[in-house]
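For reference, the structure is listed below as structure tokens.
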Amino acid sequence: MRVLVVGGAGYIGSATAQCLLDAGHEVVVFDSLVKGHRAAVPAGAEFVQGDLAHREQIEDVLRRFQIEAVMDFAAFIEAGESMKEPGRYFRNNVCGTLNLLEACVSAGVQRLVFSSTAAVYGIAEEIPITEDAPLHPVNVYGESKLMVERMLEWYGRLHGLRYAALRYFNAAGGRPERGEDHHPETHLIPLTLQVALGQRPHIAIFGTDYPTPDGTCVRDYIHVDDLASAHVLALQALDQHERLIYNLGNGRGFSVREVIEVCRKVTGHPIPAVEAPRRPGDPPVLIASSAKIQRELGWRPRWTSLEDIVASAWEWHRRHPQGYGDR
Ligand code: UFG
């Protein structure tokens, strides 16, 4: 299939572009490079620089390459930042994706796989979280993704768009040649590994008074390649299904303190940590039930040990201490 990967120069988008190529699909990457990296785009993919703010750019690409399906990774992704700059998040994540949906309808593209997030659930009442849990985001980022999920439902009903919304828990890990490189970096694992590299003096623990066993937030970490393989499966499944919604995680939670400890073990570095106030918009616990996608599509995470996931990230960071080196 000819697949347009919007945001395919980013962390998860580029890993998925590679996975699509490995599965025999043709791939065109569309990315503004505001957050993405040209060097992350796999060699076998076409690359077009463009921005979802300009609907005509995306429509042109859909027609020019006779695209049959779209995967949408283009979004701002930081929960904490979204609470300081809500307008930027709504404009980019909601208005940009609306342009993409309109362009798909106009160009006759009827399959879309959308990067959604665990942040749509907010503070979950039951753990692990299943797809039918209440949707009450506690940050603007999660709200912006939920708004797109709701738009997708209407575009499905009214325009016959077949779609999958994949709600990721915490993406982590890398490959020797491809990994996580955000500017500024805000994610726990890369920041902690930067301490081990000597690039930061310590890691801050945001909040130690959460209702969790050690008082710090608990997250479910999933390897980026396992996310990527789920996208390829979901795309294939859209042949038989009109609407798919799946959680993607490992089903095990690790506290901030536990993650830092795993990083110490993997790197052999003491990694000093300091306690700091809570970061606004952080739910205390996010752990996925991915039973639905395992049952319905036969997806299985290949990376089930946090130590292995962190080791794969560490290899990328050691080999690329300046990331892709383009900032
Ligand atoms: N944290 C720290 N110190 C830091 C950075 C993070 O204590 O320096 C904490 C956070 O407060 C949070 C946990 O580590 O409790 C994980 O934070 P991340 O920033 O790594 O990840 P988030 O859980 O905030 O968000 C990530 C993605 C979102 C996605 C979400 C789903 O950025 O896109 O996972 O769980 F929606």
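Key figures
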item: Unmet criterion (only one of (1) within 13 Å of the ligand (Cβ to nearest atom); (2) part of a loop (DSSP other than H, G, I, E, B); (3) open to solvent by 30 Å² or more (accessible area, probe 1.4 Å)) for ARG257; result: (2)
item: Selection from segment 216-254 of residues that are in a loop (DSSP other than H, G, I, E, B) and touching a residue at least 12 places away in the same chain (Cβ under 8 Å); result: THR216, CYS217, ASP220, LEU238, HIS241, GLU242, GLY249, ASN250, GLY251, ARG252, GLY253
item: Boolean, SER116 is within 11 Å of the ligand (Cβ to nearest atom) and of a type in the set (Ser, Thr, Tyr); result: yes
item: Matching option when the condition is open to solvent by less than 60 Å² (accessible area, probe 1.4 Å) and out of contact with any helix residue (DSSP H, G or I) (no Cβ under 9 Å at 6 or more places or on another chain), among LEU191, LEU135, LEU161, LEU146; result: LEU191
item: The lone exception for ASP282 - which of (1) outside any loop (DSSP other than H, G, I, E, B); (2) within 12 Å of the ligand (Cβ to nearest atom) it fails; result: (1)
item: Scan of segment 182-205 for residues that are over 21 Å from the mean Cα position of the chain (by Cα), outside any loop (DSSP other than H, G, I, E, B) and within 11 Å of the ligand (Cβ to nearest atom), ordered by number; result: VAL195, ILE203, ALA204, ILE205
item: Residues that are among the aliphatic types (A, V, I, L, M) and more than 24 Å from VAL218 (Cβ to Cβ), drawn from segment 77-131; result: VAL94, LEU98, LEU100, LEU101, ALA103, VAL105, ALA107, VAL109, LEU112, VAL113
item: Residue match in segment 218-227 (condition: within 11 Å of the ligand (Cβ to nearest atom), open to solvent by 10 Å² or more (accessible area, probe 1.4 Å), closer than 23 Å to GLY13 by Cα and basic (Lys, Arg)); result: yes
item: Which numbered condition GLU153 misses (of (1) away from the ligand (no atom under 16 Å from the Cβ); (2) under 23 Å from VAL224 (Cβ atoms)); result: (2)
item: In segment 275-292, residue surrounded by the most Cβ atoms within 10 Å (Cβ to Cβ) [restricted to those that are more than 17 Å from the chain's Cα centre (by Cα) and among the hydrophobic types (A, V, I, L, M, F, W, C)]; result: VAL285
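The values are calculated or read from the model by the stated rules, or taken from the named source; none is laboratory data. Remember, predicted model here, so these are calculated numbers, not experimental data. Every residue, glycine as well, gets a Cβ built from its backbone with ideal geometry; the counts of neighbours run over all protein chains shown. Surface areas here come from the heavy atoms of the whole protein model, side chains and all, with no ligands, DNA or RNA. Shrake-Rupley method; radii C 1.70, N 1.55, O 1.52, S 1.80 Å.
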